[in-house]
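*Asks:* First, the structure itself, so that you have it in front of you.
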Amino acid sequence: MASMQSLDVVARSATTTPTPQVRTAAPQVAKLIDESKCIGCKACQVACMNWNDLRDDVGTNIGVYDNPVDLTPSSWTVMKFFEVQPKEGSLEWLIRKDGCMHCEDPGCLKACPSPGAIVKYENGIVDFISENCIGCGYCVKGCPFDVPRISAKDNKAYKCTLCSDRVAVGREPACVKTCPTGAISFGTKDSMVAYGQKRAGELRDRGFQNAGLYNPAGVGGTHVMYVLKHADNPALVDLPKDPTVSPMVSLWKGIAKPLALAGMIGAVVAGFFHYMKVGPVEEKAEKEEA
Amino acid sequence: MARMLQRYDDRERMNHWFIALMFVLAGLSGLAFFHPSLFFLSNLFGGGSWARILHPFMGVLMVLAFLGLAAKLWRANVVTDADREWKKHMGDMLRGNKAALPPVGKYNYGQKMVFWAMLASLLVLLVTGVVFWRPWFAPYFPIDVLRVAALLHSIAAVVLIAATIVHVYAALWVKGTTRAMTRGTVSEDWARLNHALWHKEVTGGR
């Protein structure tokens, strides 16, 4: 989506001054994915490629349901299937719809060096503005969830937009609209948190003692949340337990940048004043010999 | 006219200036990604994507050319006891008090440190840069490795730029130095004042 004229851009990559954000009425939104209601039908994958007009290459079957095997530049959401034993002797089949988490504190946006290639809107959606993307892959390093994929065709990064174009005109994301079991819901962040907690409570009543809402605080919360049957162990469905933007990235794109810049400029300024104070080193004998 | 002493031959000088050109190009394109306030530098290369595409090629050429020069000069840059003595007089050097400095050979301690800092930072830049070079090599490394590589790459770049600032400043500060690289020769007085042992070596004490 084009971004600046939406007047609700609260954060913009590689930009040091405020962006147009006068339009503040938009509520924070969130998508809630209820793992316990998902039947793995992949209608969301189809809706995603349909709405976004994406056609991935036909891949190869690797012997499990996952297809494609992983997120790709043209598959922005993928159902991942996990056969796990949360407890000894209890086999469970868990299904998670993978995709961008739309972090409140997005690592991709922090890492991106290209002004305006990544924006965050007032409603919380993190969007790639692909015409500004330079293909450096820094967003890949910034993301704690391994979501951005860079196309081999055009060297641009792609990921789920949370259907920012649909949401901007008051519609729910395509995956939400199509989900036949109601496993994906969409609404304000507050209402989705409340609904997610209610669902987790229901699951706990039904015997999933560790059911809970996955809305990790390490990235400021996310605008895509999960109701997990085993929230105590999100690694069962390949989610990080306490995701944060890597300290490497925070160091590299945080404090190091202004300090080093000041250091380099300082060195030149120091040299200038040193010269003016001490003067050049010259051979004194030159005059006598000349 | 005062006698002139050959300090660098043609090959060394052309090699040096090729490195310098590549340093400027790789440096400007790299700084564009380092801080948002410097992103405008990418316009010099035809925009962000072109700066991203060209930067590694210019960087690799810089490192290879430097290795060519270093193969010839590294022996003269080995730190000796005389350098450790000179190091104690660093303050005199900075105050421009040349008389208090012990005599040095072809390079003084400061120059040798610049040489090794450049060599070390260039090697780090090469290795880490290859690791996250898109689209060719980055896909073969795990994300954790890419993160460390990017951090080390930018630290090494700052070290290289700082060393180069010292290098350029010293050449401008000590008069008669730049012609060693522009013309290949230096005056005998310059050599006597700044590199007395080297002067003795090339003139045989005459």
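Bear in mind these aren't lab numbers, they're just calculated from the coordinates by the rules spelled out. Only a predicted model underlies this, so the values are computations on that prediction, with no experimental measurement involved. Quick reminder, even Gly has a Cβ in these numbers, built from the backbone with ideal geometry, and neighbours come from all protein chains shown.
*Asks:* Sorted by average packing, counted as other Cβ atoms within 10 angstrom per residue and highest first, what order do A:175-184, B:9-18 take? Walk me through the intermediate numbers first.
*Replies:* Values: A:175-184: 18.4, B:9-18: 14.2.
Going by the mean number of other Cβ atoms within 10 Å, highest first, we get A:175-184, B:9-18.
*Asks:* Can you give me the convex hull volume of the Cα atoms of the range B:8-203, divided per residue and expressed in Å³? Walk me through the numbers before you get to the answer.
*Replies:* Values: hull volume 27.6 nm³, N = 196.
Value for the range B:8-203: 141 Å³ per residue.
*Asks:* Over 29 Å between Cα atoms, which of A:LYS257/B:LYS98; A:LYS97/A:LYS141; A:LYS257/B:LYS88; A:LYS257/B:LYS72 qualify?
*Replies:* Going by Cα-Cα distance, A:LYS257/B:LYS98; A:LYS257/B:LYS88; A:LYS257/B:LYS72 fall outside the 29 Å limit.
*Asks:* I've got another one for you. Largest first and to the nearest Å, give the Cα extent of the range A:32-128 along each principal axis.
*Replies:* Its Cα atoms span 51, 33, 22 Å along the three principal axes.
*Asks:* Still on this structure, I have one more. What Rg and what Dmax come out for the range A:178-230 when only alpha-carbon atoms are used, in angstroms?
*Replies:* Both quantities, over Cα of the range A:178-230: 11.3, 32 Å.
*Asks:* Over all residues in A:272-283, what is the mean tally of Cβ atoms on other chains that come within 10 Å of each residue's Cβ? Mind showing how you got there, number by number?
*Replies:* On the way: counts 1, 0, 5, 4, 0, 3, 6, 3, 7, 13, 8, 14.
For peptide A:272-283, the averaged partner shielding equals 5.
*Asks:* Whole angstrom only: what separates the Cα centroid of the range A:230-256 from the Cα centroid of the range B:83-155?
*Replies:* Cα centroid of the range A:230-256 versus Cα centroid of the range B:83-155: 32 Å apart.
*Asks:* Can I ask one more? Could you work out the mean count of beta carbons from other protein chains within 10 Å of each residue's beta carbon in A:260-269?
*Replies:* Details: counts 9, 6, 0, 4, 9, 1, 2, 7, 4, 0.
Across the residues of A:260-269, the mean count of other-chain Cβ atoms within 10 Å is 4.
*Asks:* How far apart, in nm, are two points set 7 Å out from the Cα along the Cα-to-Cβ line at B:PHE141 and at A:ALA194?
*Replies:* 4.8 nm
*Asks:* Please identify the helices of chain B, taking whole runs of DSSP H, that span at least 18 Å along their own axis as judged from the Cα atoms and have a mean Kyte-Doolittle score of 0.0 or higher. Walk me through the numbers on the way to the answer.
*Replies:* Values: long enough: B:10-34 (35 Å, 0.76); B:48-73 (36 Å, 1.39); B:109-131 (33 Å, 1.67); B:143-173 (44 Å, 1.89).
Answer set is B:10-34, B:48-73, B:109-131, B:143-173.
*Asks:* In whole Å, how far is the Cα centre of the range A:77-98 from that of the range A:148-163?
*Replies:* 27 Å
*Asks:* Once you have the alpha carbon radius of gyration of the range A:136-290, what is it after dividing by 2.2 N^0.38 Å, with N set to its residue count?
*Replies:* Details: Rg = 27.7 Å, N = 155, 2.2 N^0.38 = 15.0 Å.
Dividing the Cα Rg of the range A:136-290 by 2.2 N^0.38 Å gives 1.85.
*Asks:* Is there a quick way to get the dipole size of chain A? I mean about its Cα centre, with the Cβ of Lys and Arg at +1 and of Asp and Glu at -1; what is the value in debye to the nearest 20? Kindly include the intermediate steps, with their values, before the conclusion.
*Replies:* Numbers: 32 positive and 32 negative charges, 152 e Å.
Charge dipole of chain A: 740 debye, to the nearest 20.
*Asks:* Rg and Dmax in Å for the range A:96-199, alpha carbons only: what are they?
*Replies:* Gyration radius and largest Cα-Cα distance of the range A:96-199: 14.6, 44 Å.
*Asks:* Something else: Using a basic spin-label model with each label point 7 Å from the Cα along Cα→Cβ, how many nm lie between A:ASN233 and A:LYS177?
*Replies:* For the pair A:ASN233/A:LYS177, the computed spacing is 3.9 nm.
*Asks:* In peptide A:112-120, how many Cβ atoms from other protein chains are near each Cβ within 10 Å, on average? Could you put the intermediate results ahead of the total?
*Replies:* Working: counts 2, 11, 10, 5, 0, 1, 0, 0, 0.
That average works out to 3.
*Asks:* Shifting gears a bit: Compute the convex hull volume of the Cα atoms of the range A:62-111, divide it by the residue count, and report the result per residue in Å³ as a whole number. Display every interim value, and only then the final one.
*Replies:* Details: hull volume 6.3 nm³, N = 50.
About 125 Å³ per residue, rounded to a whole number.
*Asks:* Using a 10 Å cut-off around each Cβ, can you sort B:LYS106, A:LYS97 from fewest to most neighbouring Cβ atoms? Walk me through the intermediate numbers first.
*Replies:* Values: B:LYS106 18, A:LYS97 25.
So the residues, fewest neighbours to most, are B:LYS106, A:LYS97.
*Asks:* Then there is this: Test of understanding: express the Cα radius of gyration of chain A as a ratio to 2.2 N^0.38 Å, with N the residue count. Intermediate values should be presented prior to the final figure.
*Replies:* Numbers: Rg = 24.5 Å, N = 290, 2.2 N^0.38 = 19.0 Å.
The reported ratio for this selection is 1.29.
*Asks:* Next up: Can you list the lysines whose alpha carbon is less than 18 Å from that of A:LYS189, not counting same-chain residues fewer than 8 positions off?
*Replies:* Correct list for A:LYS189: A:LYS31, A:LYS120, A:LYS177, A:LYS198.
*Asks:* Less than 20 Å apart at the alpha-carbon level, and either on another chain or at least 8 residues along: which aspartates and glutamates does that give for A:LYS253?
*Replies:* In chain and number order, the partners are A:GLU104, A:ASP105, A:ASP127, A:ASP146, B:ASP144.
*Asks:* Same structure, new question: Average projected area of the Cα convex hull of the range B:1-114, in nm²?
*Replies:* Details: hull surface 42.2 nm².
Here the figure is 10.6 nm², rounded to one decimal.
*Asks:* Can you pull a Stokes-Einstein diffusion coefficient for the protein assembly as shown at 37 °C (0.692 mPa s), Rh from Kirkwood over Cα pairs, as a whole number of µm²/s? Let's see the in-between values first.
*Replies:* Working: Rh = 26.3 Å.
Stokes-Einstein gives a translational diffusion coefficient of 125 µm²/s.
*Asks:* Let me understand the range A:112-153 better: what is its radius of gyration from the alpha carbons, and its Dmax, in angstrom?
*Replies:* Values for the range A:112-153 (Cα only, Rg and Dmax): 10.4, 32 Å.
*Asks:* Provide, in order from the shortest bin, the percent of all Cα-Cα pairs of the range A:201-290 in each 5 Å bin, continuing until the bin that contains the maximum pair distance.
*Replies:* 3, 10, 11, 10, 8, 7, 6, 6, 6, 5, 5, 5, 4, 4, 3, 3, 2, 1, 1, 1, 0
*Asks:* Please arrange B:LEU41, A:LEU259 by how many other C-beta atoms lie within 10 Å of their C-beta, fewest to most.
*Replies:* Numbers: B:LEU41 18, A:LEU259 11.
So the residues, fewest neighbours to most, are A:LEU259, B:LEU41.
*Asks:* Using the Karplus curve 6.51 cos²θ - 1.76 cosθ + 1.60 with θ = phi - 60°, work out ³J(HN,Hα) for each residue of the range A:181-193 in order, rounded to whole Hz, and write x for Gly and Pro.
*Replies:* 10, x, 6, 10, 10, 9, x, 5, 4, 4, 5, 6, 4
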